[in-house]
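The values are calculated or read from the model by the stated rules, or taken from the named source; none is laboratory data. Not measured: the values here are computed from a predicted model. For neighbour counting, all protein chains shown are included, and Cβ atoms are generated from backbone atoms with ideal geometry for every residue, glycine included. Heads up: the accessible areas ignore ligands, DNA and RNA and are worked out on the full protein's heavy atoms, side chains in. Shrake-Rupley method; radii C 1.70, N 1.55, O 1.52, S 1.80 Å.
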Amino acid sequence: SAVISQKPSRDICQRGTSLTIQCQVDSQVTMMFWYRQQPGQSLTLIATANQGSEATYESGFVIDKFPISRPNLTFSTLTVSNMSPEDSSIYLCSVLLTEETQYFGPGTRLLVL
Amino acid sequence: GEDVEQSLFLSVREGDSSVINCTYTDSSSTYLYWYKQEPGAGLQLLTYIFSNMDMKQDQRLTVLLNKKDKHLSLRIADTQTGDSAIYFCAETAGTYKYIFGTGTRLKVLA
């Protein structure tokens, strides 16, 4: 497995502001992902963070709202921009360690007032 | 499109077996997974099964796969209070894209 950390672990933010979430892995990984888990819901893939190129976004998610950086093979950031209460969720990063196994970070719990 | 469904709640007594069920729609799934999410935590990979297998056992966990019915189950033997959590099944719709179920909240009664 891998040790995956996220910062911050939780935050309370005002609407209209932006928050950047960091994800750090203890080993180099090719593929990193960002998911959203809305209250009481399942996980939805936001995007794949590509090292050295623009992220690949899933349907319903756009770069202007969720800009992603991936400067190297161990680190990625997700920014939630111009937040509204509907953005209150748990945001999780994950990494693909082998072709068949994906591991998740502890998540960032975001509350937007 | 792909869809993965689970029952929302399951309650069992400590020491009993728990069986959590999942149905999926994508017949081309390669791997199917079970993740556990404890309160305030991320997702922990419990086990997974390759689609050409019918069963996989790992200590107290037994995974059964019925490809014909597109049905996956997770049996937890001798369920403990520490097993109380939300359990998600997931399938691969591609090489890396996972489709997650709605999650089953397991409550273990002492």
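What number of residues in the stretch B:50-81 are touching a residue at least 24 places away in the same chain (Cβ under 8 Å) and open to solvent by 40 Å² or more (accessible area, probe 1.4 Å)?
8
For the stretch A:10-32, what are the residues that are within 10 Å of another protein chain (Cβ to nearest Cβ) and either at pLDDT 95 or above or in contact with a Gly (Cβ under 9 Å, 6 or more places away or on another chain) (or both)?
Residue satisfying the conditions is A:Arg10 alone.
Among the residues of the stretch B:38-49, write down those that are under 23 Å from B:Gly15 (Cβ atoms) and open to solvent by less than 30 Å² (accessible area, probe 1.4 Å).
Result: B:Thr47, single match.
For a quick check of your reading: which strands (runs of 3 or more DSSP E) sit entirely within the stretch B:4-110 and have at least 3 residues that are farther than 25 Å from A:Leu45 by Cβ and either polar (S, T, N, Q) or away from chain A (no Cβ under 11 Å) (or both)?
So the answer is B:9-13, B:55-58, B:61-66, B:104-109.
If you check every pair at least six apart or on different chains, which have Cβ atoms under 6 Å apart with a residue in the stretch B:16-29 that is of a type in the set (A, V, I, L, M) first and a residue that is modelled with pLDDT of 95 or more second?
As it stands, the answer is B:Val19/B:Ser73; B:Val19/B:Arg75; B:Ile20/B:Leu74; B:Ile20/B:Tyr87; B:Ile20/B:Thr104, since those pairs meet every condition given.
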